[in-house]
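Comments concern the structure below.
The values are calculated or read from the model by the stated rules, or taken from the named source; none is laboratory data. These numbers were taken from a predicted model, which means no experiment stands behind them. Glycine gets a Cβ as well: all are built from the backbone with ideal geometry, and neighbour counts include every protein chain shown.
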Protein chains: 2
Amino acid sequence: MSGFGPGGPFLADCPARLTVELLADKWTAVVLYGLSRGPVRHGELIELIGGISRKMLTQTLRRLEAHGLVSRHAYAEVPPRVEYELTPLGASLIDPIHTLTEWARENADAVLDALDTTPEPNGHGD
Amino acid sequence: MSGFGPGGPFLADCPARLTVELLADKWTAVVLYGLSRGPVRHGELIELIGGISRKMLTQTLRRLEAHGLVSRHAYAEVPPRVEYELTPLGASLIDPIHTLTEWARENADAVLDALDTTPEPNGHGD
DNA sequence: CTGAATCCACGACGATACTG
DNA sequence: CAGTATCGTCGTGGATTCAG
């Protein structure tokens, strides 16, 4: 790793950029993680995640669906039932995300501590 | 792992949320990755990353510094020289991020393909 | 239950110009 | 070279309301 040459390592067409930008919002990673246990209903995700609005959940799921990470299954029942499920591609993203959450569990304390010991929103040009 | 119980798995105080939101912007992960080779100067990062503005770079570095992931070293020289470096805490985040970029390199093709086969911004209420 | 549509606030982001 | 300030734009995200 760490083997990008000098001159143009992070070009816009770098595949890493796509993934980073795919997760670069408040809910995408959380929603993916919420789907990691199997098919889940819309309402279930709302409860499961906690704090997300229906609008953002739907919007996030739509994007993930467009990216081929999530599949949607609507059942013509009464009341309506819609289930979301990770595609194999989406499921393969769970592992990287999980690596991230594991880091979080081990280092959240240190990060919070650093935030606490840096209470000065003061610039360096002080 | 993957064993969050039903009822409240993703509470706001979950450490994973902090990390996800820390990376939930366009540049944080990229900047961290750009620092993974060792101390780098401001201007070098601009060239290295490509596409980021000085403002966003400084802003991102400031936040990472506040979170204890990056350290800043200013040298009183002429012309001024400022180097940024990952702290041990920050360095420990490179691995999870690298896992993500590896996934990207292997699956970016599939994602782009899915995006291509989903040209319909049409709702499901079709 | 699901989700679309609207209104609105806020912050991210970029471009530029200016300071040290 | 490094960084700030300002401005304008646009997307994100929340609350609410309407529809199937």
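Residues that are in contact with a Lys or Arg (Cβ under 9 Å, 6 or more places away or on another chain) and facing chain A (nearest Cβ under 8 Å) are absent from region B:75-93 altogether.
Scanning region B:22-71 for residues that are within 9 Å of DNA strand D (Cβ to nearest atom), of a type in the set (A, V, I, L, M, F, W, C) and assigned to a loop (DSSP other than H, G, I, E, B) returns a single hit, B:24.
Applying the criterion of being near DNA strand C (Cβ under 8 Å from one of its atoms) and within 11 Å of chain B (Cβ to nearest Cβ) to the residues of region A:24-44, the residue that is surrounded by the most Cβ atoms within 10 Å (Cβ to Cβ) is A:24.
Checked against (1) part of a loop (DSSP other than H, G, I, E, B); (2) surrounded by fewer than 21 Cβ atoms within 10 Å (Cβ to Cβ); (3) small (Gly, Ala, Ser), residue B:74 meets all criteria but (1). In the set (1) touching a residue at least 60 places away in the same chain (Cβ under 8 Å); (2) within 11 Å of DNA strand C (Cβ to nearest atom), residue A:98 fails one condition alone, (2).
When the test is whether a residue is loosely packed, with under 14 Cβ neighbours inside 10 Å, modelled with pLDDT of 95 or more and more than 16 Å from DNA strand D (Cβ to nearest atom), residue A:119 does not pass it. Taking the criterion of being within 9 Å of DNA strand C (Cβ to nearest atom) and either facing chain B (nearest Cβ under 9 Å) or closer than 23 Å to residue B:113 by Cα (or both), the residues of region A:48-74 that qualify are A:58, A:59, A:61, A:62, A:72, A:74. Contact annotation: residue pairs with Cβ atoms under 6 Å, 6 or more positions apart or on different chains, pairing a residue in region B:54-80 that is touching a residue at least 24 places away in the same chain (Cβ under 8 Å) with a partner that is part of a loop (DSSP other than H, G, I, E, B) and not β-branched (Val, Ile, Thr), are B:56/B:27; B:60/B:27.
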